[in-house]
1. Run E21 past the list (1) at pLDDT below 90; (2) within 16 Å of Q66 (Cβ to Cβ) and report the number of the one that doesn't hold.
2. Please work out if L64 is more than 28 Å from R11 (Cα to Cα) and of a type outside the set (S, T, Y).
3. Do the conditions hold for D53, that is, is it exposed (fewer than 12 other Cβ atoms within 10 Å of the Cβ), among the charged types (D, E, K, R) and modelled with pLDDT of 90 or more?
4. Could you please tell me which pairs satisfy a Cβ distance under 7 Å, a separation of 6+ or placement on different chains, a first residue in the range 48-59 that is within 17 Å of A36 (Cβ to Cβ), and a second residue that is β-branched (V, I, T) and modelled with pLDDT of 90 or more?
Amino acid sequence: MAVITKFFVLRNGVEIDRVFEDKKEAEAYDKMLDAAEKLSDFIKNSDIKADIDDKTIDRISVFLAQKGPEVIQILKGLKPVSSPSPKNKHKENPDQDKAEPDGEKKAANSSSRGKKK
């Protein structure tokens with residue numbers, strides 16, 4: 001009689017439908033699911049203005065996590081994109097110009113430049 005050890009992954013107390021014969025494979029799958037869960041949370045909590053249901057987001061997250069090395073290669077070398085500077089925000093909201101005349105802005109800027117500590 002042979003004894004066979006099988007490994008499975010539990011997520012939130014629920015057994016995932018995949019069974020592994022190798023512990024390393026089961027742990028790698030569990031790590032992939034952790035990454036997918038983080039990706040899913042990241043997407044759901046972002047300011048993406050798209051009507052995507054949670055099931056689709058979860059599927060995309062699992063796909064991206066499964067293809068992690070390829071995704072990393074695609075994103076390699078990107079630098080973080082910073083949020084718009086106050087100057088750019090000022091251009092987007094023309095009503096701010098009405099609140100503060102140009103003369104007051106120039107006076108405030110010039111008085112702070114000339115001071116030395």
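1. Here E21 meets the rest and fails (2).
2. No.
3. yes
4. I57/I43
The values are calculated or read from the model by the stated rules, or taken from the named source; none is laboratory data. All values derive from a computational prediction rather than experimental measurement. As a convention, Cβ positions derive from the backbone with ideal geometry for all residues, glycine included, and neighbour counts pool all protein chains shown.
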